[in-house]
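These notes concern the structure reproduced below.
The values are calculated or read from the model by the stated rules, or taken from the named source; none is laboratory data. Note that the coordinates shown come from a computational prediction; the quantities given were computed from them, not determined experimentally. As a convention, Cβ positions derive from the backbone with ideal geometry for all residues, glycine included, and neighbour counts pool all protein chains shown.
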Amino acid sequence: MSHNVLVLNCGSSSLKFAIIDAASGTTSLTGLAECLSLENASLSYKLNGKKYKIDLPEGAQHDAAIAEIVSLIKQQHLDDSLIAVGHRVVHGGEAFTGSVVIDNAVINGIENNVALAPLHNPANLMGIRAAQTAFTNLPQVAVFDTAFHQSMEKQAYLYALPLSLYKEHGVRRYGFHGTSHYFVANEAAKLINKPIEQSAIITAHLGNGCSVTAVKNGKSVDTSMGLTPLEGLVMGTRSGDLDAGLYNYLSSTLNYSNSQIDAMLNKQSGLLGLSELSSDCREIEEAAEKGHMQAKLALDVFCYRLAKYIASYVVPLGQLDAIAFTGGIGENSSLIREKVINLLSFFAFDLDHDANLAARFGNAGVIATNPLGAKVLVMPTNEEWVIAMDAHKLVEAQ
Ligand code: ADP
């Protein structure tokens, strides 16, 4: 029996897709639609090892991109082997603690969380509706970024605000990147030969968005993102943690509007804001290497915040077996990893420089160990495979 799942990951202006064998993780088709809603919308994909790129009509949205993807899949008869469509959904609120087969109640549940993820949940819903129309016979499965973190306890997820805001409006910390933290923690436990049910692992997902999670015995007990993906670490263009008093200062003293504050914190801050150069970590590292002082400053702030978060997560864990780096930065930047390990001097990690340099381009490996046996490792993530595995599991159970 086939295990092939079409995985759709609809972002606010992009759409990643893949056909993945849930059993092996191998892909027969991967692709990306970019600049959706803009004049230069395009679709690129890789099929049987060959790369293709086509322009989409000006202003094309997710449904137009999905129509192209569907016709490609049907032309190539790839749909014959599909068993399900798996959708990444960003915000499941408290309603979803795991992946689910999509029905009308699930669609309503995703709609109910639009206010908490106004850019992402509507795009996810558009993807779900387009896929339902195109593949009427296939089960659709939703996999939520927030679900893995629903195991957090109140002490970790409540803000110290009037409790009515939580009770009446769901204002609390939810956390994101759940599929990545789940996958990486499980793979990390395998790499260090520990049963996941008896392990204490800190996972650092460092991509354009960045978050760190404390995973105790396989469950998320704390994570750095909050009500929205803005809280926590310094990211490519997001500020991460700041003093909430800033809002009043910006609006009353500097006359910023709500939307200006929102755009500044989400799109003009982080590595980009500090370096005034780029949000791209690789470019920043290259500039810092050539003596660009603001690029160096951006890296320093990024690493210092990250090291502080990692150190603080020994509180919910009570012990430490491993710190696992993942995401584009975590999997490739030996510089960031080295800086963070140096900042964590209290943990007395002995960094293996050769292993640190070798762990990139998809290579996993242990790069440091301390006298108590805790390890630092690099573990490539694979969120799409988690989505395919969950979809396969749910379809089998039906
Ligand atoms: P997304 O969160 O959009 O999925 P990725 O996980 O692909 O993003 O991460 C993108 C980030 O990874 C960018 O900041 C990019 O510069 C960084 N990155 C990729 N390769 C390297 C590298 N060799 N060294 C440093 N940073 C890298």
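Structure data summary
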item: Long-range neighbours under 8 Å by Cβ, at least six apart or interchain, first residue more than 13 Å from L335 (Cβ to Cβ) and in contact (Cβ under 8 Å) with a residue 24 or more places away in the chain within segment 277-299, second within 11 Å of the ligand (Cβ to nearest atom) and not in a loop (DSSP other than H, G, I, E, B); result: S279/G270; S279/L271; S279/L272; D280/L271
item: Single residue of G127, G98, G86, G92 found to be buried (at least 22 other Cβ atoms within 10 Å of the Cβ) and farther than 26 Å from A41 by Cα; result: G92
item: Count of residues meeting criterion [touching a helix residue (DSSP H, G or I) at 6+ places or on another chain (Cβ under 6 Å) and away from the ligand (no atom under 15 Å from the Cβ)] in segment 302-322; result: 3
item: Among (1) assigned to a helix (DSSP H, G or I); (2) under 18 Å from S99 (Cβ atoms); (3) more than 16 Å from the ligand (Cβ to nearest atom) - the single one A188 does not satisfy; result: (2)
item: Output for segment 374-383, where each listed residue is touching a Leu at 6+ places or on another chain (Cβ under 9 Å) and either more than 15 Å from A204 (Cα to Cα) or assigned to a loop (DSSP other than H, G, I, E, B) (or both); result: A374, M379
item: Complete set of residues in segment 370-391 that are more than 16 Å from the ligand (Cβ to nearest atom) and in contact (Cβ under 8 Å) with a residue 40 or more places away in the chain; result: L372, G373, A374, K375, V376, L377, A388, M389, D390, A391
item: Odd one out for D222 among (1) within 16 Å of the ligand (Cβ to nearest atom); (2) of a type outside the set (A, V, I, L, M); (3) buried (at least 24 other Cβ atoms within 10 Å of the Cβ); result: (1)
item: Some residue of segment 233-247 being over 26 Å from V215 (Cα atoms), among the aliphatic types (A, V, I, L, M) and away from the ligand (no atom under 12 Å from the Cβ); result: yes
item: Matching option when the condition is under 18 Å from V340 (Cβ atoms), at pLDDT 95 or above, touching a helix residue (DSSP H, G or I) at 6+ places or on another chain (Cβ under 8 Å) and buried (at least 18 other Cβ atoms within 10 Å of the Cβ), among S211, S199; result: S211
item: Test: A391 is at pLDDT 95 or above, assigned to a helix (DSSP H, G or I), more than 24 Å from K194 (Cβ to Cβ) and among the small types (G, A, S); result: yes
item: Answer residue from segment 21-78, given it is over 23 Å from I128 (Cβ atoms) and in contact with a Phe, Trp or Tyr (Cβ under 6 Å, 6 or more places away or on another chain) and is surrounded by the fewest Cβ atoms within 10 Å (Cβ to Cβ) among those; result: Y52
item: Output for segment 108-127, where each listed residue is without any contact (Cβ under 8 Å) to a residue 40 or more places away in the chain and within 20 Å of A67 (Cβ to Cβ); result: P122, L125
item: All positions within segment 327-369 that are over 21 Å from the mean Cα position of the chain (by Cα), polar (S, T, N, Q) and either crowded, with 16+ Cβ neighbours inside 10 Å or modelled with pLDDT under 95 (or both); result: N356, T369
item: Breaking point among (1) in a helix (DSSP H, G or I); (2) under 21 Å from the mean Cα position of the chain (by Cα), for P118; result: (1)
item: Of all residues making up segment 356-373, the number that are in a helix (DSSP H, G or I) and among the small types (G, A, S); result: 1
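Rundown of residues vs (1) surrounded by 13 or more Cβ atoms within 10 Å (Cβ to Cβ); (2) assigned to a helix (DSSP H, G or I); (3) among the hydroxyl-bearing types (S, T, Y), yes/no style:
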| position | (1), (2), (3) |
| --- | --- |
| Y247 | yes, yes, yes |
| Y256 | yes, no, yes |
| L272 | yes, yes, no |
| S279 | yes, no, yes |
| A287 | yes, yes, no |
